[in-house]
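The values are calculated or read from the model by the stated rules, or taken from the named source; none is laboratory data. From a predicted model like this one, the values you see are computed outputs, not experimental measurements. Neighbour counts are summed over all protein chains in view; Cβ atoms, including those assigned to glycine, are modelled from backbone coordinates with ideal geometry. Just the protein is used for accessible areas: all its heavy atoms, side chains included, with ligands, DNA and RNA removed. Shrake-Rupley method; radii C 1.70, N 1.55, O 1.52, S 1.80 Å.
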Amino acid sequence: MRKKIVAGNWKMNMDLNEGLALAEGLNNHFIANPLKDREVILCTPFIHLALVSRALTAPGVSAGAQNCNDHKSGAYTGEVSAAMIRSTGAGSVIIGHSERRTYYGETDELLASKTAEALRNGLRVIFCCGEVLSEREGNIHFDVVKRQLEKGLFGFSEEDFSRCIIAYEPVWAIGTGVTASPAQAQEMHAFIRELVEKRYGKEVAENTTVLYGGSCKASNAAELFANPDVDGGLIGGASLVRDEFCSIVNAL
Ligand code: 13P
């Protein structure tokens, strides 16, 4: 059975004290309201990771990073390695977020290297894919997602791939307040699962968690999560507000 997951992507928000307070508040909530078979991952800025990891004691709740470097170590000023992330106690890392692809020029090839480095260091990878508005309007959104997954993710062995979570995030829905309709999300998620099945077989496809991201909030989470191929969400803005985030987890 695949895991149901809600991951929060804090992006570049919250100073250390604010972030720690949010993490502690969420941790207390999930101690009082156990997640059972669901899982929560808080993807924080790097500087929060060690303290947040330690603060997260509720079963099923863990910390993750939002990026990592593709090299092992060395003279890469300002960068953070997968091994460093792992040493904080964090268990996951987001790779290939559209903001990294767009603002920092991260290519499919670089993302495959980052994923390899993350997996080598025992991290789980939340691998993001998704088309921009012009690609959807041009009806090439399936081709775009296929290319991103084939180049970034499908080069890995079945064992490595089984430690990857896929997040479909249509770029036109990120931070815009425009959410993909439940039907649009389901259509793409089913397509992604089909691609996984073609590459790794039915059992792996059935066990792969595919998250939806893009203006997902408490008011629309339930209808998105009700789809058979939507296994949870990757939440940006709404993950910064404790009650809103808890309601999204509740909707799962
Ligand atoms: P929003 O939920 O703010 O649209 O962001 C989604 C996202 O980019 C999560 O990674």
Worksheet entry | Simple spin-label estimate for residue 1 and residue 151 in nanometres, 7 Å along Cα-Cβ | 3.8
Item to complete: Measure off 7 Å from each Cα along the Cα-to-Cβ vector at residue 137 and residue 21, then give the distance between these two points in nanometres to one decimal.
Response: 4.2
Worksheet item: Between exposed trypsin sites (Lys or Arg not before Pro) in the chain, where DSSP calls loop and at most 13 other Cβ atoms lie within 10 Å, what's the longest gap?
Response: 73-252
Worksheet entry | Under 5 Å, built H, 5+ apart or other chain: amide partners of residue 63 | 42, 91
Item to complete: With r as the distance between the Cβ atoms of residue 219 and residue 120 and R0 = 41 Å, compute the FRET efficiency 1/(1 + (r/R0)^6) and round to 0.05.
Response: 0.55
Discussion item. What is the percent carbon and sulfur in the accessible area of the stretch 209-252, measuring with a 1.4 Å probe over the protein chains and ignoring ligands?
Written reply: 48
Item to complete: Name the residues whose placed amide hydrogens come within less than 5 Å of the amide hydrogen of residue 68, ignoring near sequence neighbours (fewer than 5 apart) on the same chain.
Response: none
Item to complete: Mind listing the long-range amide H neighbours of residue 39? Cut-off is under 5 Å, sequence gap 5 or more, other chains count too, H placed in the peptide plane at 1.01 Å from N.
Response: 4, 5, 6
Discussion item. Of the candidates 201, 138, 213, which one comes out as most mobile in a Gaussian network treatment of the chain with C-alpha springs shorter than 10 Å?
Written reply: 138
Fill in: Mean-position separation - Cα centroids, the stretch 175-218 and the stretch 131-173, in angstrom
10
Worksheet, complete the sentence: Given all pairs of distinct Cα atoms, the stretch 180-252 yields a Kirkwood Rh in Å of 12.6
Item to complete: Pop out the carbon and sulfur fraction of the accessible area of the stretch 29-78 as a percent, whole number, probe 1.4 Å.
Response: 57
Worksheet, complete the sentence: Compactness check, the chain: C-alpha Rg relative to the 2.2 N^0.38 Å globular estimate gives 0.93
Response to the item:
Computed from the beta carbon distance with a Förster radius of 25 Å, FRET efficiency for residue 226 and residue 202 to the nearest 0.05 stands at 0.60
Fill in: Pairs from 3/114; 151/198; 3/36; 11/217; 11/146 whose Cα-Cα separation, in the structure shown, is over 20 Å
3/114; 11/146
Discussion item. I need the phi-derived Karplus couplings for the stretch 160-168: 6.51 cos²θ - 1.76 cosθ + 1.60, θ = phi - 60°, integer Hz, Gly and Pro marked x.
Written reply: 5, 4, 5, 9, 10, 10, 9, 10, 8
Practice prompt. Determine ³J(HN,Hα), in whole Hz, for all residues of the stretch 220-228 in sequence, where each value follows from phi through the Karplus function 6.51 cos²θ - 1.76 cosθ + 1.60 and θ = phi - 60°; x replaces Gly and Pro.
Written response: 10, 4, 4, 6, 6, 6, 6, 6, x
Worksheet entry | Two-site FRET efficiency, residue 241 against residue 32, from Cβ-Cβ distance with R₀ of 25 Å, rounded to 0.05 | 0.90
Worksheet entry | 3J(HN,Hα) from dihedral phi, the stretch 240-247, Karplus parametrisation 6.51/-1.76/1.60, rounded to Hz, x for glycine, proline | 8, 10, 3, 5, 4, 5, 4, 5
Worksheet item: Quick one: accessible area per residue over the stretch 34-115, 1.4 Å probe, rounded to a whole number of Å²?
Response: 46
